[in-house]
Amino acid sequence: MKLVNYLKGILYGFVVGWVVFVLIAALQLGAPTQTSHYIYQVDKIHLKFASSVKDPKLVIVSGSNSHFGISCQQLQEETKVPCLNAAKPNAGLGVEYILRRARLSINPGDTVLMPLEYELYLNDYIPEEGLVDYVFAHDPPYVLTHPQMFAFLSFPRLIMGLASRIKPANYSISYQEKYVSANGDYTNNKEATLTKDQRLQIETWQPMEIFFPGETVGVKAVRDFVKWCQKNNVRLLASWPNTIFYEAYKQDKYQEAFQNYQDFYRQMQVPVIGHPLDFMYDKSMFYDTIYHLNDRGVRQRTRQLIELLKPYLKRSS
């Protein structure tokens, strides 16, 4: 009898715990958090620009390397082609979600430039914390169609979501939407404002491990996006992310990896713009991560892109 009561107690505790978790998790849906606020505001800027432009446009799609590395405003002024920097400020959203949101800003006849971060191709079945945080706060329909997301809610994220229900989050964080142009470019990554500590931090960064991962969820998401572009009369151009140059990247293993990425796109008949080393720069051109250029780096990166894109933009005009 004692064993039966013990087992009943365990079952009862499990049921009560599960019900409490479901209730707390449900409260996360639509509860804005400090960590998701900037991405949400930038996403609104993307949608606003896309809805205001009727002519064929150039759309930049990637994680944060383009948000902090390309000036669509400069590109638009010099080429006379409308340009939307639809790159998301956090690659932690994952490539599947980044490309899903990008579709909302792309119309038939547009040209898409896609310089994805190398890590995005590695995305597999486990969603990163940034995606979980964002979709619970600002995209409940995505959560409801992907119920597995509930399994990845961490305890700190549950507490943060509950706290935002009680008291609105403080949104004064390092990145603010007031520094984002109408084209979607971040404009406050100024070399002149870098602190001594930031400059010292930059010097500690090391080369990345870069390799083509084969078939992953991330690679499949890219394949699906290529097919979507082809089906919807969207010209897609692949390219490379801006990052720090290291002599190590000239080694055979890196050159082989770069060739594998290039072959991946060419097998799908997607033109590849430039070479990886074209967009690798000295540390002095970076801001706060290995993928974020400062304003001097942005100008150089954008100038290079303008020259490479001219043949394609002429054909689309």
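Tell me the carbon and sulfur percent of the accessible area for segment 175-317, rounded to whole percent, probe radius 1.4 Å.
Numbers: 3570 of 7240 Å².
Within segment 175-317, the accessible surface is 49 percent carbon and sulfur.
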Taking a ≥ b ≥ c as the square roots of the Cα gyration tensor eigenvalues, with a/c under 1.5 meaning rounded and otherwise prolate when a/b beats b/c, else oblate, which class fits the chain? prolate
Contact order normalised by residue count of the chain, Cα under 8 Å, 6+ apart, percent: 26 percent
Taking the 0 to 90 degree range and rounding to the nearest ten, how far is the long axis of helix 252-266 tilted relative to the main principal axis of the chain, both from C-alpha atoms? 90 degrees
Listed residues Gln41, Gln201, Gln255, most fluctuating in the chain (Gaussian network, C-alpha, under 10 Å): Gln201
With the contact rule set at Cα under 8 Å and sequence spacing of 6 or more, what percent relative contact order holds for segment 194-272? 38 percent
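Please calculate how many Å² of accessible area the chain carries per residue, with a 1.4 Å probe and no DNA, RNA or ligand atoms counted.
Counting only protein heavy atoms, the per-residue value for the chain is 49 Å².
Under a point-charge model restricted to the Cβ atoms of Lys and Arg (+1) and Asp and Glu (-1), what is the dipole moment magnitude of the chain relative to its Cα centre, in debye to the nearest 20?
With only Lys, Arg, Asp and Glu charged at Cβ, the dipole is about 920 debye.
Hey, which of these cross-link pairs are over 23 Å Cα-Cα: Lys57/Lys88; Lys57/Lys227; Lys57/Lys231; Lys88/Lys253; Lys44/Lys88?
Working: Lys57/Lys88 18 Å; Lys57/Lys227 19 Å; Lys57/Lys231 18 Å; Lys88/Lys253 29 Å; Lys44/Lys88 11 Å.
Flagged as over cut-off: Lys88/Lys253.
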Checking every Cys Cβ in the chain against the others at 4.7 Å leaves as unpaired Cys229
Whole-number percent relative contact order across segment 23-139, with pairs defined as alpha carbons under 8 Å at least 6 apart: 38 percent
Highest to lowest packing among 53-63, 153-163, scored as the average C-beta count within 10 Å: 53-63, 153-163
Of the options Gly130, Pro241, Tyr287, report the single residue whose Cα projects farthest towards the positive end of the charge dipole of the chain (beta-carbon charges: Lys, Arg +1; Asp, Glu -1). Gly130
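Just subtract the alpha-carbon distance of Phe211 and Lys227 from 0.36 nm times their residue separation and send over the number in nm, one decimal.
Details: separation 16, 0.36 × 16 = 5.76 nm, distance 2.35 nm.
Extending this stretch completely gives an extra 3.4 nm.
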Can you pull the one-decimal nm distance between simple spin-label points at Gln304 and Gln176, each 7 Å off the Cα toward Cβ? 3.2 nm
Using only Cα atoms, find the angle between the long axis of helix 155-166 and the longest principal axis of the chain, and express it within 0 to 90 degrees, rounded to the nearest 10. 90 degrees
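Is the C-alpha gyration tensor of segment 92-240 telling us rounded, prolate or oblate? Criteria: a/c under 1.5 is rounded; beyond that, a/b larger than b/c is prolate, otherwise oblate. If you can, show how the numbers build up before the last one.
On the way: a/c = 1.44, a/b = 1.11, b/c = 1.29.
Verdict is rounded for segment 92-240.
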Under 5 Å from the placed amide H of Val112, counting only residues 5+ away or on other chains, we find Val59, Arg235, Leu236, Leu237
If you take the square roots of the eigenvalues of the alpha-carbon gyration tensor of segment 260-315 and sort them as a ≥ b ≥ c, do you get rounded (a/c under 1.5), prolate (a/b over b/c) or oblate? oblate
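Tell me the mean residue ellipticity at 222 nm calculated for the chain from its helices only (DSSP H runs of n ≥ 4, each -39500 (n - 2.57), averaged over every residue, nearest 500). Don't skip to the end; give the middle numbers.
Numbers: 12 runs with 155 residues, N = 317.
Calculated from helices alone, the mean residue ellipticity at 222 nm is -15500 deg cm²/dmol.
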Quick P(r) readout (segment 200-240; Cα-Cα; 5 Å bins; whole %) gives 5, 16, 16, 17, 13, 11, 10, 7, 5, 0
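Suppose accessible area is computed on protein heavy atoms with a 1.4 Å probe; arrange Glu247, Glu129 from highest to lowest. Could you put the intermediate results ahead of the total?
Working: Glu247 120, Glu129 140 Å².
In descending accessible area the options line up as Glu129, Glu247.
So if R0 is 25 Å, what FRET efficiency would Leu122 and Ser51 give, r being the distance between their Cβ atoms, rounded to the nearest 0.05? Write out the running numbers ahead of the final one.
Working: r = 33 Å, r/R0 = 1.33.
Calculated value: 0.15.
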Can you order the peptides 217-223, 260-266, 292-298 by their average number of other Cβ atoms within 10 Å per residue, highest first? 292-298, 217-223, 260-266
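The values are calculated or read from the model by the stated rules, or taken from the named source; none is laboratory data. Computed from a predicted model, the values in this text were never measured in an experiment. Glycine gets a Cβ as well: all are built from the backbone with ideal geometry, and neighbour counts include every protein chain shown. For the accessible areas, the whole protein counts, side chains as well, though only heavy atoms, and no ligand, DNA or RNA atoms are used. Shrake-Rupley method; radii C 1.70, N 1.55, O 1.52, S 1.80 Å.
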